[in-house]
Amino acid sequence: MYFLKSDRLSLRRLRADDVDTMYRYRNDPRCSAYQRGQLRERDKIALLVEKRKNDVLLCGKRGMFAIEKNGTCEMVGEISLLLEENTLTMGYTVAPLYQRRGYAYEMISLLLSEAFSRIPDLTVVCRVLEGNEASQGLLLKLGFVSHGYCEETDSLVFTKKNGGE
């Protein structure tokens, strides 16, 4: 099932055939250096995919979705969401093979538009490790506001509200 679609990408449910792709990029130092708490063992990723395979976008508390390159069935990354009242905490990963092509910008822009249309008073929160300059730049380009370092989460905090900060 596809939830969002752009010219190049789609956001869809996770499938069993995503496990190997997720395993590869989650264990690639270019991704894992900037992630905390993500499962890296293949069997645990398979259990996660099984658990999250029926998630529905912005319905329910948690959701995890695959970013797919249109026409190829190639998973290029993932987006995870935690919706609590009017706050959406978002995490994302793009596989190294597909980084620096505008895929994260394209899909997150589409997701933000959908989220703000459904929940007008929504605040979106992203936490980024200090060394992840690419992700920091992406969020600023998307109109997020940096609130600096948060000791409690050991990360930089970025937020975006409908219509700006």
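Hey, which of these cross-link pairs are over 29 Å Cα-Cα: Lys69/Lys160; Lys44/Lys141; Lys44/Lys160; Lys53/Lys141?
Details: Lys69/Lys160 26 Å; Lys44/Lys141 34 Å; Lys44/Lys160 32 Å; Lys53/Lys141 31 Å.
Table pairs above 29 Å Cα-Cα are Lys44/Lys141; Lys44/Lys160; Lys53/Lys141.
With the contact rule set at Cα under 8 Å and sequence spacing of 6 or more, what percent relative contact order holds for segment 78-129?
Computed over segment 78-129, the figure is 42 percent.
For Arg101, Arg13, give the ranking by accessible area with the largest first, probe 1.4 Å.
Details: Arg101 105, Arg13 55 Å².
Ranked list, largest accessible area first: Arg101, Arg13.
Over segment 30-165, what is the mean sequence separation of C-alpha contacts under 8 Å (at least six apart), divided by residue count, expressed as relative contact order in percent?
That works out to 17 percent.
P(r) for segment 39-85, please, calculated from all Cα pair distances in 5 Å bins and given in %.
5, 19, 23, 26, 18, 8, 1, 0
Which value, in Å², gives the accessible area per residue of the chain when a 1.4 Å probe is used on the protein heavy atoms? If you can, show how the numbers build up before the last one.
Numbers: 8680 Å² over 165 residues.
Solvent-accessible surface per residue comes out at 53 Å².
Kindly provide the GluC sites (Glu not before Pro) of segment 103-157 that DSSP labels as loop, not H, G, I, E or B, and whose Cβ sees at most 15 other Cβ atoms within 10 Å. Please list the in-between numbers first.
Details: sites: Glu106, Glu114, Glu130, Glu133, Glu151, Glu152; in loops: Glu130, Glu151, Glu152.
Within segment 103-157, the qualifying GluC sites (Glu not before Pro) (loop, at most 15 other Cβ atoms within 10 Å) are Glu130, Glu151, Glu152.
Could you give the distance between the Cα centres of segment 104-123 and segment 44-78, to the whole Å?
17
Amide H of Gly77: which non-local residues (sequence gap of 5 or more, or other chain) have their own amide H closer than 5 Å, using H built in the peptide plane?
For Gly77, the qualifying residues are Ile67, Ala95.
Could you pull out every residue, at least 5 positions away or on a different chain, whose amide H is within less than 5 Å of the one on Thr87? Hs are placed 1.01 Å off N in the peptide plane, and Pro or chain starts have none.
Residues meeting the amide H criterion: Thr123.
Measure of size requested: the Rg and Dmax of segment 107-165, with Cα atoms as the atom set and Å as the unit; please supply both.
Computed over the Cα atoms of segment 107-165, radius of gyration and Dmax are 11.6, 33 Å.
Could you pull the Rg and Dmax for segment 5-154, using just the Cα atoms, both in Å?
Considering segment 5-154 through its Cα atoms, Rg and Dmax are 14.8, 43 Å.
The values are calculated or read from the model by the stated rules, or taken from the named source; none is laboratory data. In this text, all values refer to a predicted model and were calculated from it rather than measured experimentally. In this analysis, Cβ positions are derived from the backbone assuming ideal geometry, glycine residues included, and neighbour counts consider all displayed protein chains. Ligands, DNA and RNA are excluded from the accessible area calculation, which covers all protein heavy atoms including side chains. Shrake-Rupley method; radii C 1.70, N 1.55, O 1.52, S 1.80 Å.
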